[in-house]
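Bear in mind that the values in this text are calculations on the coordinates, not laboratory data. No experiment lies behind these values; they were computed from the predicted model shown. Counting neighbours? That spans all protein chains shown, and the Cβs are built from the backbone with ideal geometry, glycine included.
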């Protein structure tokens with residue numbers, strides 16, 4: 001990068017928040033995926049005005065800008081593949097307001113999801129979206145990816161709880177969308193357009209979110225099944241019973257074997273699937289709904305049903321589910337994917353994944369949020385083995401193709417980013433795709449905002 005640009009950025013933000021030393025650039029070159037690319041310079045703003053000033057410089061000079069929060073994303077969205085400016089937003093981490101009467105919070109993008117949960121909890125409130133990485137993932141990243149999580153069957157995903165945004169556009173203009181009201185039908189819904197756009201349309205600098213009162217309690221039910229088809233049938237029986245669960249998590253036989261190899265969680269090694277279903281509300285209602293859930297599991301063929309007697313027992317049931325990721329990591333390198341299909345197609349999708357894994361000589365465990373059809377197939381591999389990695393890439397492509405063929409989508413919550421951009425054309429209506437590209441050109445005519453993400457085109 002031209003030294004005069006770095007000098008101008010330092011004059012604008014201060015020398016202690018603009019870095020171009022090799023060690024600093026390496027630290028901002030990757031996210032939670034396997035991709036890695038060096039930015040030319042790292043900028044750490046504290047205010048919306050500083051973000052605006054940075055984008056004005058970048059747009060004038062046609063310099064790529066890649067926004068970055070905690071870098072916990074799983075689609076390569078924060079990897080600066082074209083160099084340029086890494087715009088780190090982690091220091092914009094203030095909770096500006098929690099209004100318990102209006103059930104609203106106002107936060108900066110660098111606020112960690114769990115920190116908002118803790119702060120809202122002091123008022124008897126909570127923020128429903130709960131990505132698995134919520135202990136480190138930032139709200140800005142949640143907005144950029146439209147993050148979900150186990151609770152989204154009952155509560156929905158990030159877009160359902162964002163009321164308004166402050167966004168800095170590519171040319172440095174500051175735009176506000178939405179507001180503080182639950183209902184808002186004034187004009188186009190630009191808030192929803194920005195959510196899930198992965199930093200390609202603007203940089204979010206302030207977020208107004210809706211909060212909810214915390215439920216009185218929860219009850220956990222575990223069902224153990226000899227076939228994944230039975231587990232799917234159980235979920236359908238639960239949902240059609242009138243019970244709307246908080247969570248419906250599944251882990252297949254490979255996941256069970258992996259977690260049991262690390263610690264004895266009391267799961268039978270020959271089971272094909274385990275379901276974890278939470279209900280929440282008043283204790284009296286929870287007890288009745290847990291009975292209905294347990295009966296639905298039994299009617300679907302569960303070999304065993306366990307109902308947690310209290311919160312401690314519930315945590316013990318959930319321990320195996322939380323152990324999946326580290327247990328799979330113990331098996332080798334792992335490529336974690338994120339697809340979603342209609343619930344009725346989950347058994348077929350799982351069988352497709354298993355067959356793809358066998359055909360390519362790969363172990364392919366599956367877990368995820370079965371209630372909304374969101375599955376996480378993992379491919380266990382050795383990244384140092386070039387031939388194996390070719391098989392991994394082919395297998396991943398076949399999994400994506402199968403999801404689309406079954407009426408599903410490439411991603412339920414991780415986003416497209418860099419990891420899936422080459423497959424997006426298969427998943428979108430061609431006219432819709434062209435309209436998306438037109439929106440990108442309108443918001444970012446010089447293509448400086450996270451270029452190369454979502455769309456395979458280098459010039460949009």
Q. To the nearest Å, what is the center-to-center distance of the range 114-188 and the range 371-405, using C-alpha atoms only?
A. 30
**Q.** Mean separation of Cα contacts under 8 Å, 6 or more apart, over the residue count of the chain: relative contact order %
**A.** 15
Q: Any chance you could check the Cα centroid distance between the range 190-239 and the range 47-84 for me, in angstrom?
A: 28
(Q) Please compute the length gained on full extension between residue 422 and residue 100, using 0.36 nm multiplied by the number of residues separating them and subtracting their Cα-Cα distance. (A) 111.5 nm
Q.
Bins of 5 Å, beginning at zero and ending with the bin holding the largest distance: percent of Cα pairs per bin for the range 188-234, please.
A. 5, 12, 14, 10, 7, 7, 14, 17, 12, 2
Q: Only bridges with both residues in the chain count here: give the DSSP antiparallel percent, nearest 5.
A: 90
Q: Calculate, in nm to one decimal, what residue 316 and residue 343 gain on full extension: separation in residues at 0.36 nm each, minus their alpha carbon distance.
A: 7.0 nm
Q: Tell me what the chain gives for mean residue ellipticity at 222 nm when only DSSP H runs of n ≥ 4 count, each as -39,500 (n - 2.57), the sum divided by the residue total, rounded to 500 deg cm²/dmol.
A: -10500 deg cm²/dmol
Q: In whole angstrom, note down how far apart the Cα centers of the range 268-337 and the range 426-452 are.
A: 41
Q) Considering the values [x] 69, 59, 43; [y] 88, 48, 38; [z] 67, 56, 48, which represents Cα extents along the principal axes in Å as calculated for the structure under consideration? A) [x]
Q | Relative packing of 280-286, 336-342, which averages over residues the other C-beta atoms within 10 Å, highest first | A | 336-342, 280-286
Q) Does the range 217-322 classify as rounded, prolate or oblate by the C-alpha gyration tensor (a ≥ b ≥ c root eigenvalues; a/c under 1.5 gives rounded; else a/b over b/c gives prolate, otherwise oblate)? A) oblate
**Q.** Highest average packing first - 57-67, 430-440, Cβ atoms within 10 Å
**A.** 57-67, 430-440
